[in-house]
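Here is the structure we will look at.
The values are calculated or read from the model by the stated rules, or taken from the named source; none is laboratory data. Remember, predicted model here, so these are calculated numbers, not experimental data. Cβ atoms come from the backbone with ideal geometry, glycine included; neighbour counts cover every protein chain shown.
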Amino acid sequence: MEKLPKFGIPIVVIGIAVIIFIAKSTVTIASGEAGVLFKTLSGGVVTDEPPLSEGFHLVAPWNKIFIYEVRQQEMSEKMQVLSSNGLEIRLDASIWFQPERENLGFLHQEKGTNYISRVLQPAVRSATRSVVGRYTPEQLYSSKRDVIQEEIFDETKEILANQFVQLNEVLVRDITLPPTIKDAIERKLRQEQESLEYKFRIEKAEKEAERQRIEAKGKADANQILSASLTDKILQDKGIEATLKLSESPNSKVIVIGSGDGGLPVILGNQ
């Protein structure tokens, strides 16, 4: 193998150096991510410029790029907290969040890449302890879950103000009470439900009895009015009308005029 000319060696060395320089100077930021530039020789973390966006970037090899996921992320938390009467409650929640993209430089400078454990988790846990501590186990178990969820979100968001983290939602997945307390609450709820059903049946029976009383009274009043209005003259007129109608009927019969009580007709031989 022939030796390289003396002038060729520096060219090879320079070429290798250029390749290494380019390799160390390129950064690719993936979809849903952003980069914070750290200038080693001049100023440190860049906070007065937007973070580096997705795609390919050339950066001086003595500088550094810190990459953050800026899409919405989920953090799951299982917490042991105390109710208003001091009973231990287990609460499982999901927290949806993302770093504030426009303040990514400040987030890196003040909190760092582990901002979730430094900022977000303590905020959620503090807010949860504060909110759950205002309610009894019965309220937590039954009707207050939506209210609690909203209050945890509001208090966490207040704690995270000026912390460069955007809170999107807090979802309470499960609230677990001590077994003895849960059983006692369920028994009480069943008793209350049975009491409501019994009260409903009584009210229904009372309404039906009242309806029957009103109906009977109406019939009695109607009969009384009808009896008061039936005079002998009216009965005779009705009898005459009935006699005329019977005489027009094709059925065979014998009608004795004036033989009944009060002079009303008596029908004989009606088939």
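Tell me whether the stretch 86-103 contains one or more residues that are modelled with pLDDT of 90 or more, aliphatic (A, V, I, L, M) and over 15 Å from Ile148 (Cα atoms).
No - not one qualifying residue is present in the stretch 86-103.
In the stretch 66-85, what residues are modelled with pLDDT of 95 or more and basic (Lys, Arg)?
Arg71
Tell me yes or no: at least one residue of the stretch 130-139 is free of Cβ contacts under 8 Å to residues at least 24 places away in the same chain and loosely packed, with under 15 Cβ neighbours inside 10 Å.
No: the stretch 130-139 contains no residue that is free of Cβ contacts under 8 Å to residues at least 24 places away in the same chain and loosely packed, with under 15 Cβ neighbours inside 10 Å.
Mind listing whichever residues of the stretch 131-140 are within 18 Å of Val170 (Cα to Cα) and part of a helix (DSSP H, G or I)?
Of everything in the stretch 131-140, those that are within 18 Å of Val170 (Cα to Cα) and part of a helix (DSSP H, G or I) turn out to be Val131, Val132, Leu140.
Those residues that are at pLDDT 90 or above and among the basic types (Lys, Arg), I need them from the stretch 123-165; list them, please.
Residues satisfying the conditions are Arg125, Arg129, Arg134, Lys157.
Can you tell me how many residues within the stretch 72-129 are part of a helix (DSSP H, G or I), acidic (Asp, Glu) and in contact with a strand residue (DSSP E or B) (Cβ under 7 Å, 6 or more places away or on another chain)? Let's see the steps before the verdict.
First, the residues of the stretch 72-129 that are part of a helix (DSSP H, G or I): 101-110, 115-129.
When the remaining residues are screened for being acidic (Asp, Glu), the result is 102, 110.
Add one more test, that the residue is in contact with a strand residue (DSSP E or B) (Cβ under 7 Å, 6 or more places away or on another chain), and what stays is none.
So the count comes out to 0.
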